[in-house]
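Colleague: Shown below is the structure under consideration.
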Amino acid sequence: MKKPILVSSCLLGCRVRFDKTSKPLPKECLVVLEQKFNIVGVCPEILGGLPCPRRPAEISKNHQVLTQSGQVLSTFFLKGAHGALNICKNYGIQLAVLKSKSPSCGFGKIYDGTFSGCLINGNGITSDLLIKNGVKVINESELDAWLKTVKE
């Protein structure tokens, strides 16, 4: 039986990003994922109740999720993160492939909260919660190398 894996919906080709676009994984990666895993797609921001499209958001220095105009979206991001965690618990998911740089899904690097395009070390709200609860998180740039380590 194939193990379940959580994948950001935008990486699966769903147009759920803030600007109503997607960032699909290369077809060859998707094929391998589908062969080896049961894919469970999720967009924590949609799960948290945000619309699509929506204004871009970043995590500020005081750990609030804000739009450039200062609208606080932290509650939506936390709700979506907890929804993603519940999905992981319900399906026994131990690995998540999440979209890099996102204030929800970013892993390792996120935007610095100034809307200047600068990156800092850090994780998005969902990535952070999943990691704290024992789910391994990788981003799409690490996927190809990680897939090569997966046993048949």
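Each value in this text was obtained by applying a stated rule to the coordinates, not by laboratory testing. These numbers were taken from a predicted model, which means no experiment stands behind them. Note that each Cβ is placed from the backbone with ideal geometry, even for glycine, and that neighbours are counted across all protein chains shown.
Colleague: I need the full set of residues from region 49-67 which are within 18 Å of K101 (Cβ to Cβ) and of a type in the set (G, A, S), in order please.
Modeller: Answer for region 49-67, where residues must be within 18 Å of K101 (Cβ to Cβ) and of a type in the set (G, A, S): A57, S60.
Colleague: Still on this model: List the residue pairs whose Cβ atoms are under 9 Å apart, where the first residue sits in region 1-21 and is β-branched (V, I, T), the second is in a loop (DSSP other than H, G, I, E, B), and the two are 6 or more positions apart or on different chains.
Modeller: Short answer, once both residue conditions are applied: I5/I93; I5/Q94; V7/L25; V16/S22; V16/C43; V16/C52; T21/R15; T21/P53.
Colleague: Those residues that are over 13 Å from the mean Cα position of the chain (by Cα) and in contact (Cβ under 8 Å) with a residue 40 or more places away in the chain, I need them from region 90-103; list them, please.
Modeller: Selection gives Y91, G92, I93, Q94.
Colleague: For region 30-56, which residues satisfy the criterion of being touching a strand residue (DSSP E or B) at 6+ places or on another chain (Cβ under 9 Å), buried (at least 16 other Cβ atoms within 10 Å of the Cβ) and closer than 15 Å to V150 by Cβ?
Modeller: L30, L33, F37, I39 - these are the residues of region 30-56 that are touching a strand residue (DSSP E or B) at 6+ places or on another chain (Cβ under 9 Å), buried (at least 16 other Cβ atoms within 10 Å of the Cβ) and closer than 15 Å to V150 by Cβ.
Colleague: Which of the residues belonging to region 6-29 are among the hydroxyl-bearing types (S, T, Y) and crowded, with 21+ Cβ neighbours inside 10 Å?
Modeller: Hits for region 6-29 are S8, S9.
Colleague: Can you tell me which residue within region 104-145, out of those that are outside any loop (DSSP other than H, G, I, E, B), of a type in the set (V, I, T) and over 25 Å from K36 (Cα atoms), is farthest from the chain's Cα centre (by Cα)?
Modeller: My answer is I120.
Colleague: Please go through region 4-36 and give me each residue that is in a loop (DSSP other than H, G, I, E, B) and closer than 23 Å to L130 by Cβ, ordered by number.
Modeller: Matches in region 4-36: G13, C14, V16, R17, F18, S22, K23, P24, L25.
Colleague: Let me spell it out: the conditions are (1) touching a residue at least 40 places away in the same chain (Cβ under 8 Å); (2) more than 27 Å from D144 (Cα to Cα); (3) outside any strand (DSSP E or B); (4) touching a Leu at 6+ places or on another chain (Cβ under 8 Å), and L66 meets all of them except one. Which number is the exception?
Modeller: With respect to (1) touching a residue at least 40 places away in the same chain (Cβ under 8 Å); (2) more than 27 Å from D144 (Cα to Cα); (3) outside any strand (DSSP E or B); (4) touching a Leu at 6+ places or on another chain (Cβ under 8 Å), L66 is out only on (3).
Colleague: Please go through region 122-145 and pick out each residue that is over 20 Å from V42 (Cα atoms) and without any contact (Cβ under 8 Å) to a residue 12 or more places away in the chain.
Modeller: Selection gives A145 alone.
Colleague: So which residues in region 42-63 are among the acidic types (D, E) and either part of a loop (DSSP other than H, G, I, E, B) or touching a Leu at 6+ places or on another chain (Cβ under 7 Å) (or both), if there are any at all?
Modeller: Answer for region 42-63, where residues must be among the acidic types (D, E) and either part of a loop (DSSP other than H, G, I, E, B) or touching a Leu at 6+ places or on another chain (Cβ under 7 Å) (or both): just E58.
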